[in-house]
């Protein structure tokens, strides 16, 4: 009887402690549920809603400029030419100038997966353009580097060269102290950490068959956090990461009930297309 009471008390105390954990909310690709993704207006909308930070994706163009885009190409699912024409040929951003990129509107067409998204004319911004627009923003920036081994040499440089480009583009940025670099590709993080040794890094993962210890072993340094698909975040993973003083962020959480379940488990950050679902004062 006493043992049962002890177990019950321990469980309730643990759950209470986890529920008191301070959770940060990040606007995924800005505020994708309401505004075109990875656009300045999307970032501003998320900030207006009261997020702790925003998340964006970066790729590189032929002039070694960072372009804010989830894909290393112009996606015809939500982009058209600025003159209204459809995209009929491949548009590899790694082979394009920024001027070429600006020939495509990635907002006016809308996104069929997000029917509430505003249909407004938007082009993909460069990192430098977004930086100028966020001069008053003091929150965190989850800076996802789009990189994978199958794209080396075709849609992007090799990791060492890519890391140098990112370093050169960001080393003097007033946003640097707010940036947390992250990627699914551990090789790019390993290379970039050599250059940005004082910055924070997040290793992303999506494979439920890869254990926490295995995931961490891909890096040659200790990350600030790991970022996992919300569906594969288990209590044992959270406990292991927190024991190592590593935070755990969940992506992409668009259901409030699932978010609450993650908070009860002790999640540190939630990345969402709909910040308005989670930030009650807006």
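Values in this text are rule-based calculations from the coordinates and carry no lab data. Values in this document were obtained by computation on a predicted structure and should not be read as measured data. When we count neighbours, we look across all protein chains shown, and the Cβ atoms used for this are built from the backbone with ideal geometry, even at glycine.
When segment 40-62 is filtered for residues that are surrounded by 24 or more Cβ atoms within 10 Å (Cβ to Cβ), touching a strand residue (DSSP E or B) at 6+ places or on another chain (Cβ under 6 Å) and not in a strand (DSSP E or B), the ones remaining, listed by number, are 43, 46, 51.
Checking each residue in segment 107-154 for being closer than 22 Å to residue 184 by Cα, part of a helix (DSSP H, G or I) and touching a helix residue (DSSP H, G or I) at 6+ places or on another chain (Cβ under 8 Å) picks out 127, 149.
Residues in segment 88-106 that are touching a residue at least 40 places away in the same chain (Cβ under 8 Å) and not in a loop (DSSP other than H, G, I, E, B): 4 in all.
What number of residues in segment 63-87 are over 23 Å from the mean Cα position of the chain (by Cα) and either touching a residue at least 12 places away in the same chain (Cβ under 8 Å) or surrounded by 14 or more Cβ atoms within 10 Å (Cβ to Cβ) (or both)?
Count: 5.
Can you find even one residue in segment 156-169 that is more than 15 Å from residue 64 (Cα to Cα) and part of a helix (DSSP H, G or I)?
Scanning segment 156-169 turns up no residue that is more than 15 Å from residue 64 (Cα to Cα) and part of a helix (DSSP H, G or I).
Among the residues here, residue 121 does not qualify as buried (at least 17 other Cβ atoms within 10 Å of the Cβ) and under 17 Å from residue 44 (Cβ atoms).
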